[in-house]
Structure formats: structure tokens, C-alpha cells
Amino acid sequence: QVQLVESGGGSVQAGGSLRLSCAFSGRIFSNYAMSWFRQAPGKERDFVAAISRNFGITYYTDSVKGRFTISRDNAKNTVYLQMNKLKPDDTAVYYCAAGQTTGRNMVEYDYWGQGTQVTVSS
């Protein structure tokens, strides 16, 4: 069974940076596409970024392009989300997910972490 554990969340002022990490265990990490979603209070869980299992092809939602970078280290079984130039609208619980394709819909992912809170103050 795959387990995902996020870390790196916290509170930061607008314009600051955070790096989220998601540790993967239980299966062969390089066999899975990985993604990050986020859920703000009272809102649905939305796609943020994804990275393919081969070649490291990346995808982003428009609102984070140029500010966020998803990456993976297959030797460490870890996926990262570097978040720069943070805005108050980025405040949410951030979840990592693992699946077979780099889709933008929750149903395309088989495994989820427990989430990590990111709070950006103005």
C-alpha cells in the first residue's frame, strides 16, 4: 500500500517562499505520476501541479505558473513543490497524490497524503 506524507507547510508573509515535500513509500516511486492539489476553506480541492513518472514533464494550473515548481527525486522517493512569491490566495491545505497519469482531476489519483497547511498573510 502506498503511503504519502507531506511536510514543509507553515505561515509566511505575502511574497515569501515555502518548499513542500511529500515522502512516498510502499511501492516503486518511479512508477507513479505525482501531483499537488490544494483545498481552501469552504472550497473544492483543486489541481496545482503534476509531474510525470518518466522524463519529469510538468504541468501547472495557470494561477501558479512562474511562481511554483514541482520536481521529484526518484532516489529519495520524494516529490517537492517550491512555492515562491506567495499570495494570500495561496492559503490552503496542500495535498500530494500519486497515480498512473498526470491528470488534473482528483479521480485520476489513487493515493493521497494527509495534507499540510500553508497560510499566507498580507
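The values are calculated or read from the model by the stated rules, or taken from the named source; none is laboratory data. All figures in this text were calculated on a predicted structure; none of them were measured in a lab. Glycine gets a Cβ as well: all are built from the backbone with ideal geometry, and neighbour counts include every protein chain shown. Surface areas here come from the heavy atoms of the whole protein model, side chains and all, with no ligands, DNA or RNA. Shrake-Rupley method; radii C 1.70, N 1.55, O 1.52, S 1.80 Å.
Summary of computed values
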| item | result |
| --- | --- |
| Surface share of carbon and sulfur [accessible, 1.4 angstrom probe, percent] for the range 1-68 | 45 |
| Solvent-accessible heavy-atom area per residue, rounded to whole Å², over the range 53-108 at 1.4 Å | 55 |
| Principal semi-axes in Å for the chain [√(5λ), Cα gyration tensor, largest first] | 22, 14, 14 |
| Cβ-derived FRET efficiency at R0 22 Å, Ala23 paired with Ile57, nearest 0.05 | 0.50 |
| Relative contact order (%) - the range 51-122, alpha-carbon pairs under 8 angstrom, separation at least six | 26 |
| Heavy-atom SASA rank of Ser11, Ser122 (probe 1.4 Å, accessible area, largest first) | Ser122, Ser11 |
| Computed over the range 21-72: relative contact order in percent, which uses C-alpha pairs under 8 Å that are six or more apart | 26 |
| Percentage relative contact order, the chain, counting C-alpha pairs under 8 Å, at least six apart | 35 |
| Derived scalar couplings ³J(HN,Hα) [the range 30-43; Karplus, 6.51 cos²θ - 1.76 cosθ + 1.60; whole Hz; x for Gly, Pro] | 5, 7, 10, 6, 10, 8, 10, 10, 9, 9, 8, x, x, 10 |
| Listed peptides 45-53, 60-68 by packing density, highest first (mean Cβ within 10 Å) | 45-53, 60-68 |
| Amide H contacts of Lys87 (H built 1.01 Å from N, under 5 Å, at least 5 apart or other chain) | Gly15 |
| For Tyr80, solvent-accessible area (1.4 Å; no DNA, RNA or ligand), Å² | 30 |
| Distance from the range 31-54 to the range 85-122 (C-alpha centre basis), Å | 5 |
